[in-house]
């Protein structure tokens with residue numbers, strides 16, 4: 001009931017590119033981003049969902065999210081649902097694993113390009129600003145890179161839902177890497193989506209050798225290739 005009420009309030013401020021969907025509506029022919037749950041639902045301390053890893057794979061082969069009670073960070077990559085834990089482990093999760101929040105897409109790039117070597121994450125975001133300026137729909141972004149430095153994070157599973165999202169993040173575990181290769185899996189959402197999703201860029205990362213990953217905090221790219229997939233819209237399931 002809480003999820004339904006919050007969703008109805010949010011949809012009154014969104015344009016027609018956002019649709020509530022049934023679980024079987026989206027398939028590989030869709031150019032929409034699929035999203036399960038919302039930012040505001042997480043802020044309301046609802047940390048348990050009923051979408052499974054198997055169902056997530058039916059909605060996209062590329063994405064990010066988390067697991068019930070925030071048991072680590074999720075990276076959906078090449079059709080696999082990976083869990084980045086606070087002990088540094090990367091686990092390929094079984095089909096029955098549950099998530100309270102996920103953003104996914106079948107990634108089909110509309111454009112690709114390389115950026116200058118030895119560039120910071122903040123500089124990359126600045127260079128990408130012209131691509132997202134005045135966009136009404138979100139996009140997916142993949143960056144294949146060699147990193148001079150990389151900082152990522154994960155969070156521990158919480159004991160109960162009284163713990164706030166702010167408190168969970170404050171207790172995050174951070175990881176530092178140097179001279180590694182991997183893939184950045186991310187999305188960008190316009191400001192008016194605030195409450196439905198996290199606005200601006202939200203990026204997770206997965207190292208090629210599965211030695212690390214999680215939520216991307218910062219990095220310096222030694223080299224980076226960028227692919228952008230402009231979405232037609234957003235499908236929200238609750």
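The values are calculated or read from the model by the stated rules, or taken from the named source; none is laboratory data. Since this is a predicted model, take the numbers as computed values, not measurements. As a convention, Cβ positions derive from the backbone with ideal geometry for all residues, glycine included, and neighbour counts pool all protein chains shown.
General remarks:
- Check on residue 103, out of contact with any helix residue (DSSP H, G or I) (no Cβ under 8 Å at 6 or more places or on another chain) and either on the phi > 0 side of the Ramachandran plot or assigned to a strand (DSSP E or B) (or both): yes
- Condition check for residue 115 on (1) in contact with a helix residue (DSSP H, G or I) (Cβ under 7 Å, 6 or more places away or on another chain); (2) over 15 Å from residue 219 (Cβ atoms); (3) in contact (Cβ under 8 Å) with a residue 40 or more places away in the chain: one failure, at (2).
- Among the residues here, residue 133 qualifies as under 27 Å from residue 36 (Cα atoms), outside the structural domain of residue 88 (by TED's automatic domain parsing) and free of Cβ contacts under 8 Å to residues at least 40 places away in the same chain.
- In the range 174-185, the residues that are under 15 Å from residue 217 (Cβ atoms) form no Cβ pair under 7 Å with any partner that is at pLDDT below 95, whether six or more places apart or across chains.
- For the range 133-157, the candidate set comprises residues that are over 18 Å from residue 218 (Cα atoms) and within 17 Å of the chain's Cα centre (by Cα); within that set, the residue that is modelled with the lowest pLDDT is 137.
- Pair list, Cβ under 7 Å, 6 or more apart: the range 51-65 residue assigned to a helix (DSSP H, G or I), other residue at pLDDT below 95: 55/23; 57/79; 59/26
- Criterion: over 13 Å from the mean Cα position of the chain (by Cα), within 15 Å of residue 42 (Cα to Cα) and surrounded by fewer than 20 Cβ atoms within 10 Å (Cβ to Cβ) - qualifying residue of 218, 160: 160
- Boolean, residue 65 is in contact with a strand residue (DSSP E or B) (Cβ under 6 Å, 6 or more places away or on another chain) and not assigned by TED's automatic domain parsing to the domain that holds residue 153: yes
- Complete set of residues in the range 74-96 that are surrounded by 19 or more Cβ atoms within 10 Å (Cβ to Cβ) and over 24 Å from residue 220 (Cα atoms): 81, 93
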